[in-house]
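Input: a single structure, listed below in C-alpha cells.
Throughout, read-outs are computed from the coordinates displayed, never taken from laboratory work. Treat the numbers as computed from the prediction; the structure is a model and nothing was measured. Cβ atoms come from the backbone with ideal geometry, glycine included; neighbour counts cover every protein chain shown.
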Amino acid sequence: MRGVNLRIRALRNSKKKESFLIEEGDITHLSIHGKTVSIHIGSDEFILPTSFDDWVKCLEPLGLTQVDRNCAVINNKIRNIDLDDLKVYFVDRISHDSKYATISNARFSGLKDSLKNMLHKNKQSKLE
C-alpha cells in the first residue's frame, strides 16, 4: 500500500502515559524490553498498547469508558441502555441478536448519570 501514511496509536513512555497518534514516517527505530515494544521518534519513546489497561488508556481520547473489569465502550456508539440488566447497546432497536456490553454493578453507580447523558446526547446528534 504505497502512498498511505499509517498512523499508530501509542502511549508516551512516562508516568502519565498520554495517548498519541504517531505517523509511521516519523519513526526512527523500534526496541523491545521484555514484552513491551517501544517506538522511538527522535528523543521521544512511545509504547504500543498490549494490555487491556493500556488500550483503555490509549483510547480514552476517543471517548472510551471502562464499564466492567473486562469491557470498555466508545461513548458515542451507545444507543440504548437496559437499566434492569445493566447493558448498553449499540443499536437503536434492540433485538435478540443485538450486540451489547455489560456494566458491572460496581461501576454502574458511578456511571449511571453520565451514561444517561451520553445516551441523550447520542440520540440528539442523530436527530440533527
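For the ranges 10-18, 23-31, what's the packing order if you count other beta-carbon atoms within 10 Å of each residue, average per peptide, and put the highest first? List each step's numbers first, then the result.
Values: 10-18: 14.2, 23-31: 11.0.
Top to bottom by mean Cβ count within 10 Å: 10-18, 23-31.
Sorting check: for 94-106, 54-66, which peptide has the highest mean count of neighbouring beta carbons within 10 Å, and how do the rest follow? Don't skip to the answer; put the middle values down first.
Working: 94-106: 12.3, 54-66: 16.2.
The packing order, highest mean first, is 54-66, 94-106.
Does the range 40-85 come out rounded, prolate or oblate by the C-alpha gyration tensor, with a ≥ b ≥ c the root eigenvalues, rounded set by a/c under 1.5 and, if not, prolate when a/b is larger than b/c and oblate if not?
Prolate shape, in that a/c is at least 1.5 and a/b is the bigger ratio.
Just to be sure I understand, if you calculate Cα Rg over 2.2 N^0.38 Å for this structure, which of (i) 2.30; (ii) 1.30; (iii) 1.24 do you get?
Only one listed value fits the structure, namely (ii).
Could you name the aspartates and glutamates in cross-link range of Lys112, using Cα to Cα under 16 Å and dropping any fewer than eight places away on the same chain?
Once the sequence-local aspartates and glutamates are set aside, what remains near Lys112 is Asp68, Asp82, Asp84, Asp85.
Please work out the ratio of the alpha-carbon Rg of the range 7-54 to 2.2 N^0.38 Å and round it to two decimals. Write out the running numbers ahead of the final one.
Values: Rg = 10.0 Å, N = 48, 2.2 N^0.38 = 9.6 Å.
This ratio for the range 7-54 stands at 1.04.
Given a cut-off of 23 Å, name the pairs among Lys77/Lys116; Lys16/Lys77; Lys87/Lys121 whose C-alpha atoms lie farther apart than that in the structure shown.
Details: Lys77/Lys116 13 Å; Lys16/Lys77 27 Å; Lys87/Lys121 18 Å.
As for pairs spanning more than 23 Å Cα to Cα, those are Lys16/Lys77.
Quick check on the range 63-127: take the gyration tensor over C-alpha atoms, sort the square-rooted eigenvalues as a ≥ b ≥ c, and tell me if it's rounded (a/c under 1.5), prolate or oblate.
Values: a/c = 1.64, a/b = 1.22, b/c = 1.35.
Oblate shape, in that a/c is at least 1.5 and b/c is the bigger or equal ratio.
Does anyone have the angle between helix 105-127 and the longest principal axis of the chain? Alpha-carbon axes, 0 to 90°, nearest 10?
The two axes meet at around 90 degrees.
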